[in-house]
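The values are calculated or read from the model by the stated rules, or taken from the named source; none is laboratory data. Owing to the predicted nature of the structure, the values given are computational and were not obtained by experimental measurement. Neighbour counts are summed over all protein chains in view; Cβ atoms, including those assigned to glycine, are modelled from backbone coordinates with ideal geometry.
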Amino acid sequence: MNESPRAKSAQDSSSLDKPQSNCGIAAVYGSPEASHLVYLALYALQHRGQESSGIVSNDGQRVHRHVGQGLVADVFSGPTILDQLKGSMAIGHNRYSTTGSTLVLNAQPLLFRSKQGPFALSHNGNFTNSGILRSWLEEEGSLFQTTTDTEIVPHLVARSRKPTLTDKIIEALKQISGAYSLVMLSQDRIFAARDPHGVRPLCIGKKDDAYFVVSETCALDLVRAEYIRDVTPGELVEIGPDGIISHRYAEGKEHFSCVFEYIYFARPDSRIFNDNVDKVRRKLGKILALESPVDADIVISVPDSSNTAAVGFSRRSGMKFDLGLIRNHYVGRTFIQPRQKMRDFGVRVKFNTVRGILQNRRVVVVEDSIVRGTTLRQLVQLIRQAGATEVHVRVSSPPIISPCFYGMDFPSKEELIAAQKSVEEIRDFLKCDSLAYLSQEGLMQAVTDSNCGFCSACFTGRYPIPIEDRIGKYQHENEPER
Ligand code: SF4
């Protein structure tokens, strides 16, 4: 789900200098507790979006919607809210955005009413031809209520002259390019779709008579639902009174699943793209240790996202893993930099060092990725101040040199440090003793067991799915490899 214009600005101090996942989505069909189960699933998917959350439910007579700004716990702050979201089917959404003014307007699930009845949808990803489609739809008289690309879907569905809602959705999806996992709710069923290239994850689960569709399997674990299978790329799944019906609307497209889901975005306890995130992340650390060994005393991670790769690095190198950095989990995204002269206050409020572990030690810091490098530079300084004699940085992904147009919120190319500096210049900027990244070959080696194709455009600059809205800006200089 993308905003227009692209929501891109200087990050707030709490973003930890990381790309942000745009959304987590969930749907439940066939339970009188549908909205409560979606709420729990959204809790498990909170890491995929922390700025707004929402649920739409349908009790057969009425459709109910509640959306708001903030974490799931803030938006659904009392049991009465969920009790009012009646019905045996519901869909939900966690959203990330960097803009404030359009936040509630664009909060999902979006809900529309048409001749076919209610139609609600939640979206994870980015349509890459949304600008073209939106201009055309507006010229044809469509009145958009939000600034998200997601709203294109209901407009295309409403315009379709196909006889059934299923056919209308399929016709709409065939006109859309890019990355999307979608869950949709209608008068009597839910739908789920994954783009033909399978960029974002989406899976189906079941518990008793209830079906679930969620971004990651960790959401199924929380509600004790059994994983059935992934929604396959180019598949529209219809779940209604007759159970699951599968419709294939795109065949034979190459798969480009987002490799960054394994590196950073997905939870390590999830299984996505046919493999366990934890296992892949450990392998990233192990391969990194083989590729770029270092003579030091201990391995530490930048918690929490680098923990698993650091364990892998430690196992393969034989060097002890320890907890040299402690993260404060209770700092919300709204932390405001106070007027103080301490330039690293934003980092200090999030991380502190464990002096007893770092003092007089040669330290390897494993980080999963470097975006601007500003946070890591301050962490290196903190680790030295805690008494480390040497600080070596190892990164469990290749250098990020290009932004993402498929559903992740990256800074512009100008702000990506690896797009502007060599590895040695970055080492100098970070003020560490040595710096090494995982190679592109090492990254691909770590994901071979999943047996699917991957996008790694943020590391290579080669975009596998045409970015029709941006032709000329990126496509010409980075012609995709096919
Ligand atoms: S560009 Fe990077 S973050 Fe975006 S889909 Fe490709 S691998 Fe994932």
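Structure values in brief
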item: Near pairs, Cβ below 7 angstrom, 6+ apart or cross-chain, from region 182-197 (surrounded by fewer than 24 Cβ atoms within 10 Å (Cβ to Cβ)) to any residue that is aliphatic (A, V, I, L, M); result: Ser186/Leu165; Arg189/Ile239
item: Selection status of Tyr406, within 16 Å of the ligand (Cβ to nearest atom), touching a strand residue (DSSP E or B) at 6+ places or on another chain (Cβ under 7 Å) and modelled with pLDDT of 95 or more; result: no
item: Region 381-403: number of residues that are among the β-branched types (Val, Ile, Thr), surrounded by fewer than 23 Cβ atoms within 10 Å (Cβ to Cβ) and under 29 Å from the mean Cα position of the chain (by Cα); result: 1
item: Hits in region 404-448 - residues which are surrounded by fewer than 20 Cβ atoms within 10 Å (Cβ to Cβ), under 24 Å from Val299 (Cβ atoms) and not basic (Lys, Arg); result: Val423, Glu424, Asp428, Phe429, Asp433, Ser434, Ala436, Ser439, Gln440, Glu441, Met444, Gln445
item: Flag for Glu238 being over 24 Å from Lys283 (Cβ atoms) and among the acidic types (Asp, Glu); result: yes
item: Residue in region 268-298 that is nearest to Pro466 (Cα to Cα), counting only those that are within 16 Å of the ligand (Cβ to nearest atom) and not in a helix (DSSP H, G or I); result: Phe273
item: Cβ pairs under 8 Å, 6+ apart, first in region 444-470 and free of Cβ contacts under 8 Å to residues at least 40 places away in the same chain, second of a type outside the set (S, T, N, Q) and away from the ligand (no atom under 12 Å from the Cβ); result: Arg462/Glu479; Arg462/Glu481
item: Residue under evaluation Tyr463, criteria (1) more than 14 Å from the ligand (Cβ to nearest atom); (2) buried (at least 21 other Cβ atoms within 10 Å of the Cβ); (3) not hydrophobic (A, V, I, L, M, F, W, C), criterion not met; result: (1)
item: Ser35 being touching a His at 6+ places or on another chain (Cβ under 6 Å) and modelled with pLDDT of 95 or more; result: no
item: Among the residues listed as Ser397, Ser450, Ser456, the single one being modelled with pLDDT under 95, small (Gly, Ala, Ser) and within 14 Å of the ligand (Cβ to nearest atom); result: Ser450
item: Pairs with Cβ under 6 Å, 6+ apart, first in region 125-153 and in the same structural domain as Met408 (by TED's automatic domain parsing) and under 20 Å from Asp195 (Cβ atoms), second surrounded by fewer than 16 Cβ atoms within 10 Å (Cβ to Cβ) and of a type outside the set (D, E, K, R); result: none
item: Filter result (at positive phi and crowded, with 16+ Cβ neighbours inside 10 Å) within region 214-253; result: Gly234
item: Some residue of region 266-284 being touching a Leu at 6+ places or on another chain (Cβ under 7 Å), crowded, with 19+ Cβ neighbours inside 10 Å and either acidic (Asp, Glu) or more than 17 Å from Ile370 (Cα to Cα) (or both); result: no
item: Residue match in region 226-235 (condition: out of contact with any Cys (no Cβ under 6 Å at 6 or more places or on another chain), farther than 20 Å from Arg95 by Cα and among the small types (Gly, Ala, Ser)); result: yes
item: Verdict on Thr150 being more than 16 Å from the ligand (Cβ to nearest atom), part of a helix (DSSP H, G or I) and closer than 19 Å to Ala26 by Cβ; result: yes
item: Filter result for Gly387 (part of a loop (DSSP other than H, G, I, E, B), away from the ligand (no atom under 16 Å from the Cβ), over 29 Å from Pro201 (Cα atoms) and at pLDDT 90 or above); result: yes
item: Residue within region 317-325 that is under 28 Å from Arg200 (Cα atoms) and not in a loop (DSSP other than H, G, I, E, B) present; result: no
item: Exclusive hit being touching an Asp or Glu at 6+ places or on another chain (Cβ under 9 Å) and more than 26 Å from Lys168 (Cβ to Cβ), set Ser130, Ser53; result: Ser53
